[in-house]
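J.: What follows is a structure written as structure tokens; I'll ask about it next.
Since every read-out is calculated from the coordinates, none of them should be taken as a lab result. Please read these numbers as outputs of a predicted model, since none were measured by experiment. Glycine also receives a Cβ, built like all others from the backbone with ideal geometry; neighbour counts cover every protein chain displayed.
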Amino acid sequence: MLFAHIIVDSRNPETDRMFDYIVPERWQEKIAVGQRVMVPFGRRNAGTEGYVISLAEESQVPAEKLKALTEILDEGRPVFTPALLELAFWMKETYFCTLNQCLQAIMPPGIRTKSQWFVELARGSEEPTAKEARFLDFLRQKGGVMPLQEAEEGWEGRLQPILKGLREKGHVVLRQKIRRGEYKNEKKYYWPCEDQELWREAKAQAQKDRRLAARLRVMEALEETSPLSLAELKERAMATDSPIRTLAEKGLLREERQQEKRDVFSLEDYEKTTAFVPMGEQAAALGAMRAELAREKKRPVLLHGITGSGKTEVYMQMIAEVIAQGKQAIVLVPEISLTPLIMERFISRLGNAVSVTHSRLSTGERLDQWRKARDGEISVMIGPRSALFTPFSDVGIIVMDECHETSYDSDITPKYHTVDVAEKLAELTGALLVMGSATPDIVSYHRAATGEYLLLELKERTKGSLLPAVTVADMRRELEEGNRSPFSRELAEAIGENLRKKEQTMLFLNRRGYATFVSCRKCGEAMVCPECNITYTYHAREQALMCHYCGRQVPLPKVCPSCGSSYIRYFGTGTQKIEEEVCRMFPEARVLRMDLDTTMTKNSHAKILELFGKGQADILVGTQMIAKGHDFPNVTLVGILAADASLRSGEYTAAENCFQLLTQAAGRAGRDSLPGRVIIQTYEPENYAVTMAAEQDYKGFYEEEIKMRQAMEYPPFSHLFSVLVTGEKEEEVIHAANYLGALMQHYSKKAETTVLGPSPAALPKFRGEYRWRILAKGKDGKRLAAYGAYCVERAKKEAGRQIHFHMAFDPRNIV
Ligand code: ADP
Ligand code: ZN
Ligand code: ZN
């Protein structure tokens, strides 16, 4: 007998373990590890989706107690490659979640089987109670049948006991309906059966009997061409379903379901390009990568190079080599920079070997690309972080472009870091991981600097084009000299000049997150928690400043502690205000604004950029959204209105984020033949994130920042474990947070951790829920995670269901 060890798709964490099922005789040849199947499970008698983790000849459970699996899904082909299954186990261990949640994250979109319970009126005989009768009326009003969940939500009070009574008396039944995700455009194809003798006999019979004329036409049509889809067959034979069905039942037809796989681009639209002869630095990088690729145990590569230094060219040449070896490549790009431009470059170079997946495609189209990869029809997949889970048989290289982007971090369970998952997958598959960035995150660069990663650098721009001229405008001086507008005189002049020259301008207001901070406009000093070196966040309700790491609270100062000035203000000019101000100062300018408000609707983001790209506006005002991945050759001026906003975001990564943003924004200026100019406005012109960004000196910035991280014991010198406690009742949330805090405090000595908080989160209330935060720091990541998970588990039991605990390991932004 053959048994399958299966993980079922259940939300209940208690059932996140292997269950044994009997594999029926007829599927013993077909079944494989990694397949998706249907199994009977618990009260869900209509079937639950399950995943085959392993197969065995024996089971610990007596066979008569076991049920058999009822179906094999996905055309009988595995959804999970062996490497992806292993990756799921690793993710479960690493990211505080169930194996099922990891499998769901890895699975392609749209195939999951969903089931829903319905409550349905039936004919009972026994008299219902008054309460029960009321529910029956309610159900009748809904037409006698409704989803159980809807009934529970629409009913005042507890429905379970009422339903129990009604079911016993036979007045209602619960029925489960299954909705298949599966493939929408499945087609049935037909061939003549293999048995030629049988075929000839049947045909002879049909030729004799005029009543079988339709059957004969079907057979003749298939003799002419096969396979034919059902629709084609019906048309050619001028037949209905009936003769086809009869022939199939008699075993005269071979039937197979096949999926169409839609293309998401047409190769004709792309001009073929060939590889450039690598420049000196590129050649050196390629050589080093080739050597690493040949190694058994490969180090991840960090390719550090400014925009335009030829990183993409290097990726493409490495990928071409890997494909030539018969292996496959995964290329990760942050969703926001998955522009047609980058896709075009890969498709033009590598042709039909490439496919892409991104959010502008339909679920079905994305699934089709996934299936092409599974069936070996393509060798390169380009996409956002989910493309990491492409089911290639033999991945040779994983490229992660703009690897510093925080949008790579998953913000839903499992909350994983793409860098780490990619590293693990590369290890499991033996692939080379290549991470590229102009501004690597500090942790990655530290890993490279200490030899854990292989550091390769591209310092020159391939086209020799100049970096833009960057100047810093000191807003304290502006104020002193009587300028209270959000524009320094230098920037205002430059905007005017650009308008006259008919060149375009981008203005960034890099306000991020929800935090409002307070600083002195005279000396530039921002109020900072001495314990955590984190900028305080202003809380209007308490009229106080608060550190969101340790919870320290201080009253809003009346005068600057540093210079005594009373000109203390909170930051928070919105993009809309800036837009108004621009329009007032330059009435002749055509201005576009892009921020969360103007990009709520789908595609509005792309539309605004398109208008600007076509030159239909002179000035684009926006948040950091506009900093990424877009090429506007006519932009020659970039103004950063308040570098301080990202510098003071209240996170330990604030300086890093600020440096990245300034560098990226600066990179928008003067892309081609026109020289560019960048003006950074700030109240803290001496801050190293600002000065180093102005000089475009990544190394210099890293050296300063790493000192701070070491002194404060932030990553990479420690790991962070963060818990967000949420719930609708404030006192319950506070109680749960305090309980957890005390537990973590209690075990901190043993686990060698430092606990910060509990404190209200930077966003203390969101969507009707109160939010509190606890942080722990520890040197040993594994130990920290185990300790954190243990404490949360205990706090959960104490707190009850209405309180939620959201855990994150090494979060880069703790809002
Ligand atoms: P990055 O990805 O670092 O921004 P790209 O790979 O896009 O850099 O290269 C910048 C520009 O230089 C592109 O237009 C690219 O086609 C061109 N380029 C790259 N490598 C070479 C080369 N070896 N010779 C000539 N042009 C090159
Ligand atoms: Zn001051
Ligand atoms: Zn603090």
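J.: Where does segment 291-392 land on Rg(C-alpha)/(2.2 N^0.38 Å)?
T.: Values: Rg = 13.8 Å, N = 102, 2.2 N^0.38 = 12.8 Å.
Compared with the compact-globule rule of thumb, segment 291-392 sits at 1.08.
J.: Determine, for LEU467, LEU174, the number of other Cβ atoms within 10 Å of each Cβ, and report the residues in order from fewest to most.
T.: In increasing order of surrounding Cβ atoms, one gets LEU174, LEU467.
J.: Based on alpha-carbon centroids, what's the gap between segment 247-319 and segment 442-500 in Å, whole number please?
T.: Using only Cα atoms to place each centre, the spacing works out to 34 Å.
J.: Also, I was wondering about something else. Beyond 18 Å, how much of the Cα-Cα pair distribution for segment 261-309 remains, as a whole percent?
T.: Counting pairs separated by more than 18 Å, the tail of P(r) holds 57 percent.
J.: Which whole-Hz ³J(HN,Hα) couplings does segment 260-270 yield from phi under the Karplus relation 6.51 cos²θ - 1.76 cosθ + 1.60, θ = phi - 60°, glycine and proline marked x?
T.: 6, 10, 5, 8, 10, 7, 10, 4, 4, 6, 10
J.: Something else about it: Which entries of LYS502/LYS607; LYS234/LYS372; LYS187/LYS272; LYS142/LYS234; LYS67/LYS797 show an alpha-carbon separation above 31 angstrom in the structure shown?
T.: From the list (LYS502/LYS607; LYS234/LYS372; LYS187/LYS272; LYS142/LYS234; LYS67/LYS797), the Cα-Cα distance tops 31 Å for LYS187/LYS272; LYS142/LYS234; LYS67/LYS797.
J.: Quick one: Debye curve from the C-alpha atoms of segment 376-529, no solvent, what's log10 I(q)/I(0) at q = 0.12, 0.17, 0.20, 0.21 Å⁻¹?
T.: Rounded to two decimals, the profile gives -0.86, -1.13, -1.28, -1.34.
J.: Let me ask something additional. Using the membrane-span-like helix rule (whole DSSP H runs, Cα extent along the own axis of at least 27 Å, mean Kyte-Doolittle hydropathy at least -1.0), which helices of the chain qualify?
T.: 730-751
J.: Now, a different point. Could you work out the equivalent-ellipsoid semi-axes for segment 27-67, taking the square root of 5 times each eigenvalue of the Cα gyration tensor, largest first, in whole Å?
T.: Semi-axis lengths for segment 27-67 are 18, 16, 9 Å.
J.: Over segment 169-313, one equal point on each Cα, no solvent: what is log10 I(q)/I(0) by the Debye formula at q = 0.17 Å⁻¹?
T.: Each listed q corresponds, in turn, to -1.00.
J.: Grab the other residues whose beta carbon is less than 15 angstrom from that of GLU752, score K and R as +1, D and E as -1, and report the net.
T.: Values: positive: LYS749, LYS750, LYS777, LYS779, LYS782, ARG783; negative: GLU713, ASP780.
After counting each charged neighbour, the total is +4.
J.: Report relative contact order for segment 663-815 in percent, whole number only (criteria: Cα-Cα under 8 Å, sequence separation at least 6).
T.: Relative CO of segment 663-815 lands at 27 percent.
J.: Hey, another quick one. Report, to two decimal places, the Cα Rg of segment 701-775 normalised by 2.2 N^0.38 Å (N = number of residues).
T.: Values: Rg = 15.0 Å, N = 75, 2.2 N^0.38 = 11.3 Å.
That ratio works out to 1.33.
J.: Take the Cα atoms of segment 1-89, find their three principal axes, and give me the spread along each one in whole Å, biggest first.
T.: For segment 1-89, the Cα extents along the three principal axes come out at 33, 32, 25 Å.
J.: What would the Debye equation give as log₁₀ I(q)/I(0) for the chain at q = 0.05, 0.06 Å⁻¹, counting only Cα atoms as equal point scatterers?
T.: Scattering profile of the chain, log10 relative to I(0): -0.36, -0.51.
J.: If you take the Cα atoms of segment 696-745, find Rg, then find the Kirkwood Rh from the mean of 1/r over all pairs, what is Rg/Rh?
T.: Using Cα coordinates only, the ratio equals 1.28.
J.: Cut-off under 24 Å on the C-alpha distance; same-chain residues fewer than 8 positions from LYS779 excluded. Which lysines are left, in chain and number order?
T.: Straight-distance partners of LYS779: LYS92, LYS415, LYS424, LYS707, LYS749, LYS750.
J.: So, counting K/R as plus one and D/E as minus one, what does the shell of residues with Cβ under 11 Å around GLY396 add up to?
T.: Details: positive: LYS298, LYS327; negative: GLU321, ASP394.
After counting each charged neighbour, the total is 0.
J.: Shifting gears a bit: Count the DSSP beta bridges whose two residues both fall in the chain, then state the antiparallel fraction as a percent rounded to the nearest 5.
T.: Bridges in the chain that DSSP calls antiparallel: roughly 60 percent.
J.: Can you check what the net charge comes to around THR129, using other residues whose Cβ is under 15 Å from the Cβ of THR129 (Lys, Arg +1; Asp, Glu -1)?
T.: So the surrounding residues net to +1.
J.: Beyond 24 Å, what share of the Cα-Cα pairs of segment 675-815 is found? Please give it as a whole percent.
T.: Of all Cα-Cα pairs in segment 675-815, 44 percent lie more than 24 Å apart.
J.: Please name whichever of ALA431, TYR770, SER229 sits farthest to the positive end of the charge dipole of the chain, dipole taken about the Cα centre and charges placed at Cβ: Lys and Arg +1, Asp and Glu -1.
T.: Looking along the dipole axis, the top candidate is TYR770.
J.: Among THR274, THR363, THR429, THR225, which comes first, then next, by fewest other beta-carbon atoms within 10 Å?
T.: Ordered from fewest to most neighbouring Cβ atoms within 10 Å, THR274, THR363, THR429, THR225 come out as THR274, THR225, THR363, THR429.
J.: Quick one: which residues, 5 or more positions from GLN328 or on another chain, have an amide H under 5 Å from its amide H? H modelled 1.01 Å from N in the peptide plane, none for Pro or chain starts.
T.: Placed amide hydrogens put ASP394, VAL395, GLY396, ILE397 under 5 Å from GLN328.
J.: Would you kindly give the portion of the calculated P(r) for segment 461-503 that falls above 12 Å, as a percent of all Cα pairs?
T.: Roughly 70 percent, rounded to a whole number.
J.: Determine, for TYR95, TYR790, the number of other Cβ atoms within 10 Å of each Cβ, and report the residues in order from fewest to most.
T.: With the sparsest Cβ surroundings first, the list reads TYR790, TYR95.
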